[in-house]
1. Report whether or not residue 383 is part of a helix (DSSP H, G or I) and either open to solvent by 20 Å² or more (accessible area, probe 1.4 Å) or farther than 22 Å from residue 285 by Cα (or both).
2. Can you say whether residue 211 is open to solvent by 20 Å² or more (accessible area, probe 1.4 Å), in contact with an Asp or Glu (Cβ under 6 Å, 6 or more places away or on another chain) and touching a residue at least 24 places away in the same chain (Cβ under 8 Å), as far as the supplied structure shows?
3. Output the number of the condition that residue 269 fails; it satisfies all remaining conditions of (1) in a loop (DSSP other than H, G, I, E, B); (2) in contact (Cβ under 8 Å) with a residue 60 or more places away in the chain.
4. Has region 185-194 got at least one residue that is surrounded by 20 or more Cβ atoms within 10 Å (Cβ to Cβ) and either farther than 23 Å from residue 249 by Cβ or aromatic (Phe, Trp, Tyr) (or both)?
5. Please find, among 474, 547, 470, 499, the residue that is surrounded by fewer than 18 Cβ atoms within 10 Å (Cβ to Cβ), of a type in the set (Val, Ile, Thr) and closer than 28 Å to residue 152 by Cα.
6. Kindly establish whether residue 323 is under 18 Å from residue 98 (Cβ atoms), of a type outside the set (D, E, K, R) and surrounded by 17 or more Cβ atoms within 10 Å (Cβ to Cβ).
7. I'd like to check which helices (runs of 4 or more DSSP H) are fully inside region 185-260 and have at least 3 residues that are more than 32 Å from the chain's Cα centre (by Cα) and more than 23 Å from residue 273 (Cβ to Cβ).
8. Quick check: is even one residue across region 57-64 of a type in the set (Ser, Thr, Tyr) and at pLDDT 95 or above?
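The values are calculated or read from the model by the stated rules, or taken from the named source; none is laboratory data. Because the structure is a prediction, the values reported are computed rather than measured. For neighbour counting, all protein chains shown are included, and Cβ atoms are generated from backbone atoms with ideal geometry for every residue, glycine included. Accessible surface areas use protein heavy atoms only, side chains included; no ligands, DNA or RNA. Shrake-Rupley method; radii C 1.70, N 1.55, O 1.52, S 1.80 Å.
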Amino acid sequence: MKKQLILILLISLIACSEKAQENNKKTMDIKTPFVWENANIYFLLTDRFNNGNPDNDVNFNRTKEASKLRGFEGGDIIGITKKIEEGYFTKLGINAIWLTPIVEQIHGDVDEGTGVTYGFHGYWAKDWTALDPNFGTKEDLKKLVETAHKNGIRIVLDGVINHTGPVTKVDPVWPNDWVRTDVQCSYEDFESTVMCTLVKNLPDIKTESNDNVEIPTALAEKWKKEGRYEQEMKELDAFFARTGYPRAPRFYIMKWLTDYITEFGVDGYRADTVKHTEEGVWGEFKKECEYAFAEWKKNNPDKVLDNNPFYLVGEVYNYGIGGAQLYDFGDRKVNYFENGFNSLINFEFKWNAANNNYEGLFSRYSNILNNQLKGFGVLNYATSHDDGEPYDKERKKPYNTATKLLLCPGASQVYYGDESARSLIIEGAVGDATLRSNMNWDAIENNENTKHILTHWQKLGQFRNNHLAVGAGVHKMLSESPYVFERTYSKDNYADAVVIGLDVPEGKKELTIGTVFKDGDTLLDTYSNTKVTVKKGKVLMSTPYSVVLLEKIN
């Protein structure tokens, strides 16, 4: 009799589990529209993420032994595509991937005082019209974009207009009507941040110039050797004839960067070193990006994902959400949102996350985004490739990092390895190299603690991806203890609502639901995959977790 009873209980438990999974699937089957304000963007260094093709690891005789993590490590575009195909990003709830620049880098090496360094990071352009073979080919890029789009993922490239790569023995300086090399930035005011080189030996493009300039001789000779000089010049003639722009340095680069939109249909650009150029440059760039995006959509109607506009997010170093639409240089304030940007990277988030509890963080961000920044957005991050003081540098709080970042209003930037607690402190690495180690795939596959951390990031990421209310909605606290809040979103004909509990008791718990869900509504806690029913504005449940993510089952 006992065996029969146990068997009945097991069958019942299995049936309940299958039913919960079926309900979970029903909620996921309803297509959530994509908006950039709620984006969950995965930021990766192309060279450090995944090596999909070892045959392209060495090019241009880049064979000198580099300092620790300052040479090419083998990551490439094919490696990213493979991880999309494996479902890695989908399981993480990622809906956009931002990869570091992939254009051809300087062939030589430099020593900035940190040892021999190659352009593995992508920010040292030699030729904007070509991809660096270490990263891959244009066919590789085409497949990446197509594979990403098939999986509901957008591709954001990284665009550099401010500077060329450093000068080396094999990489000559560009002509002086293109660049300045004599004044280094002191960052005291607007002029000493813009009309200067960021660091020594990083030639600054004269983005303020409207003078006609010729293609640098070295670049022209390179194109001739590659058999594409006539085609490149023909395209430039057509671009300047269409736009009426002077043949000034910045417009050449804009043409070259927007070609990747026209040809491949990339969905956005992260603009590098924004505050080091005149703000009007970015409005001009955005105009050309939008034109290119419209051309691609017109030529590829069967591949268009939706009606979202082209996305331009800016790196205005040290911009914070507290400044709302303005960045202060000391002697003048600049509104970059009025100059083409949908969003700016929010350098303030890490401090806000460290110095505020959940409610203090969430309510402040919701208030600013739905008032001073309404119609725009910010991209929050906890760690990054060039921020030496990230949130939780020692990776002691990976669960807390995920919870604050992924559930905070605004778009979220997951830096590769955040989700797996990839170490940011690498012995022997100097400067920002310590932030740029290879992705820790071995730990993801074999370390149980890493697997648990990854699961937490996946649950929160998927919930965010399925609910616009999380990042783009309005925040309201429902209960201080246990901490429960709602997020609601409504625009045009689409509405969304969720209720979230954090640091709630493990085991039995009663949560206030407020008014977004009605008595009798059936909800699913996606964190535990548990179904509950609303009674008298509350839900009673028992799960082994301190996180509750509630959505209505349709």
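1. Numbers: part of a helix (DSSP H, G or I): no; either open to solvent by 20 Å² or more (accessible area, probe 1.4 Å) or farther than 22 Å from residue 285 by Cα (or both): yes.
It is false that residue 383 is part of a helix (DSSP H, G or I) and either open to solvent by 20 Å² or more (accessible area, probe 1.4 Å) or farther than 22 Å from residue 285 by Cα (or both).
2. On the way: open to solvent by 20 Å² or more (accessible area, probe 1.4 Å): yes; in contact with an Asp or Glu (Cβ under 6 Å, 6 or more places away or on another chain): no; touching a residue at least 24 places away in the same chain (Cβ under 8 Å): yes.
No, not satisfied.
3. With respect to (1) in a loop (DSSP other than H, G, I, E, B); (2) in contact (Cβ under 8 Å) with a residue 60 or more places away in the chain, residue 269 is out only on (1).
4. no
5. 474
6. Here the answer is no, as residue 323 does not meet what is asked.
7. By residue number, 217-225, 229-243.
8. Applying the first criterion (of a type in the set (Ser, Thr, Tyr)) to region 57-64 yields 63.
From what's left, at pLDDT 95 or above: 63.
Yes, that holds for at least one residue.
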